[in-house]
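One structure is given here, and the rest of the page talks about it.
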Amino acid sequence: MQSAFEEIEHTADWALRVHGESLTDLFRNAAFGMLSLLSIEPVPGNSERRYFELKAEDTETLLVSWLEELLFPLEVENAVVVDFQVDVLEQIQLKATIELKKIASITKEIKAVTFNELDIRTVDSGYETIVVFDV
């Protein structure tokens, strides 16, 4: 069985090759992969849950918007996503619930999700893409 995501070599930035049987799986695996790159220790205890919907003009923009939405609390609220549910309703729309906790410590950061090399392709096992992060 193919892994859901794998870190790949990329000059100066971080990159992941992500696989998914469906678009929802691809978006979920991209999020797990991105969050696994960060060395974050959340504060134990209570978490906060939030719901949101996103729309975009194409699937690649939707993926970048989704991942940026997960990074936003890091920058603005000193909080990290510790759990989430995402459902890609169509190629340009998703609904998600995220669970946040305050950050106790962070050693690696992602500045932005880029469109560099981003091309969601249909493959025999579903979908595949490369996501590059500016660090």
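The values are calculated or read from the model by the stated rules, or taken from the named source; none is laboratory data. Being a predicted model, the structure only gives us computed values, none of them experimental. Counting neighbours? That spans all protein chains shown, and the Cβs are built from the backbone with ideal geometry, glycine included.
From the residues in the stretch 119-130 that are in a strand (DSSP E or B) and charged (D, E, K, R), which one is surrounded by the fewest Cβ atoms within 10 Å (Cβ to Cβ)?
ARG121
Go over the candidates LEU38, LEU54, LEU100 one by one and state the one that is in contact with an Asp or Glu (Cβ under 8 Å, 6 or more places away or on another chain) and modelled with pLDDT under 95.
Only one candidate qualifies: LEU38.
Identify the residue in the stretch 46-60 that is in contact (Cβ under 8 Å) with a residue 40 or more places away in the chain and under 19 Å from ASN116 (Cα atoms) and, among all such residues, is surrounded by the fewest Cβ atoms within 10 Å (Cβ to Cβ).
Per the stated criteria, the residue is GLU60.
Cβ-Cβ distance below 6 Å, separation of 6 or more or different chains: which pairs start in the stretch 28-43 with a residue that is at negative phi and end on one that is modelled with pLDDT under 95 and part of a loop (DSSP other than H, G, I, E, B)?
Note: pairs meeting the criteria are ASN29/ALA4; LEU38/LYS108; SER39/THR107; SER39/LYS108.
Give the stretch 74-99 a look and list any residue that's within 22 Å of THR59 (Cα to Cα) and among the small types (Gly, Ala, Ser), or say none.
Answer for the stretch 74-99, where residues must be within 22 Å of THR59 (Cα to Cα) and among the small types (Gly, Ala, Ser): just ALA96.
Identify the residue in the stretch 1-48 that is under 17 Å from LEU94 (Cβ atoms) and of a type in the set (D, E, K, R) and, among all such residues, is nearest to the chain's Cα centre (by Cα).
ARG28
Condition check ((1) closer than 20 Å to PHE32 by Cβ; (2) modelled with pLDDT of 95 or more) across all residues:
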| site | (1), (2) |
| --- | --- |
| GLY45 | no, no |
| LEU62 | yes, yes |
| LEU67 | yes, yes |
| VAL76 | no, no |
| PHE84 | yes, yes |
| ASP87 | yes, yes |
| ILE110 | yes, no |
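Checking PHE133 against (1) within 26 Å of ILE8 (Cβ to Cβ); (2) at pLDDT 95 or above; (3) part of a strand (DSSP E or B): exactly one of these is not met. Which one?
Just one mismatch for PHE133, condition (2).
Name the strands (runs of 3 or more DSSP E) wholly inside the stretch 1-118 in which the number of residues that are among the hydroxyl-bearing types (Ser, Thr, Tyr) is 2 or more.
Details: elements: 5-8, 14-20, 40-42, 48-55, 79-90, 93-106.
Once the strands (runs of 3 or more DSSP E) in the stretch 1-118 are filtered for at least 2 residues that are among the hydroxyl-bearing types (Ser, Thr, Tyr), what remains is 93-106.
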